[in-house]
Amino acid sequence: MSDPETQFAIQAVLNRYARACDQRDWAAFDDIFTADVSVNYGGAFELASRDAVVEMIRSMLGGCGPTQHLLGNFDSSTADGQASSRCYVRAIHAGTGDRSNVIYEVWAEYRDMLVRTPSGWRIARREMHVTKETGDRGILG
């Protein structure tokens with residue numbers, strides 16, 4: 001278990017991720033992921049490097065209209081400058097243009113390993129475990 005201040009700092013990084021996705025704030029990912037982050041969003045979405053991850057997120061959300069990434073049920077523990085974290089995510093993606101009425105939604109859990117850097121906590125490894133998907137995934141870029 002982490003002390004409350006550390007738990008809040010880790011939760012803030014996770015919340016910055018959700019906000020960066022929804023606001024399409026690509027530069028914000030510099031303060032979220034380590035440069036050598038590795039992620040597995042499932043299937044072919046195994047990537048290594050912040051640039052590759054941001055490019056994948058950018059291409060996926062590029063086909064969408066508004067999105068909303070909701071996070072909850074945060075749990076983290078720390079030891080020796082590293083942390084493990086889990087949280088639920090419910091991400092809703094709306095289409096755009098003549099597909100603005102189309103929705104794709106995913107329920108999942110993020111399982112993260114974070115490291116403490118001189119600039120604060122950063123995600124070094126992320127795995128996304130999907131529970132359920134609904135709607136049309138085709139609206140993703």
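Under 25 °C and 0.890 mPa s, how fast does segment 63-106 diffuse according to Stokes-Einstein, given a Kirkwood radius computed over C-alpha pairs? Answer in µm²/s, whole number.
It comes out at roughly 197 µm²/s.
Tally Lys and Arg at +1 and Asp and Glu at -1 over the other residues with C-beta under 13 Å from the C-beta of residue 78: what net charge comes out?
Summing Lys and Arg as +1 and Asp and Glu as -1 gives -4.
If I compute solvent accessible area with a 1.4 Å probe over the protein chains, what percent of it on segment 30-106 is carbon and sulfur?
Answer for segment 30-106 is 46 percent, counting heavy atoms of protein chains only.
Let me know the volume per residue of the alpha-carbon convex hull for the chain, in Å³.
It is 98 Å³ per residue.
Ranked highest first by the average count of other Cβ atoms within 10 Å around their residues, in what order do 87-95, 111-119 fall?
Top of the packing list down: 87-95, 111-119.
Could you tell me how far the Cα centroid of segment 1-39 sits from the Cα centroid of segment 62-141, in Å?
11 Å
Please give the residues of segment 1-22, grouped as numeric ranges, whose backbone N is less than 16 Å from a label point set 7 Å along the Cα-to-Cβ vector of residue 86.
Output list for this probe position: 1-2.
Once amide H atoms are placed 1.01 Å from N in the peptide plane, what residues at a sequence separation of 5 or more from residue 42, or on another chain, have their amide H within under 5 Å of its amide H?
The answer is 128.
Would you mind getting me the FRET efficiency between residue 134 and residue 77? Use the beta-carbon distance for r and R0 = 35 Å, nearest 0.05.
Efficiency at R0 = 35 Å is approximately 0.65.
Quick check: net charge around residue 66, other residues with Cβ under 12 Å of its Cβ, Lys/Arg +1 and Asp/Glu -1?
0
Helix-only estimate, please: 222 nm mean residue ellipticity of the chain, summing -39500 (n - 2.57) across DSSP H runs of length 4 or more and dividing by its residues, to the nearest 500.
The helix contribution divided over the chain gives -7500 deg cm²/dmol.
With every protein chain kept in the model, how would you rank 139, 103 by accessible area, 1.4 Å probe, largest at the top?
Result, largest first: 103, 139.
The values are calculated or read from the model by the stated rules, or taken from the named source; none is laboratory data. In this text, all values refer to a predicted model and were calculated from it rather than measured experimentally. Using ideal geometry, Cβ is built from the backbone for each residue, glycine included, and neighbour counts are taken over all protein chains shown. Surface areas here come from the heavy atoms of the whole protein model, side chains and all, with no ligands, DNA or RNA. Shrake-Rupley method; radii C 1.70, N 1.55, O 1.52, S 1.80 Å.
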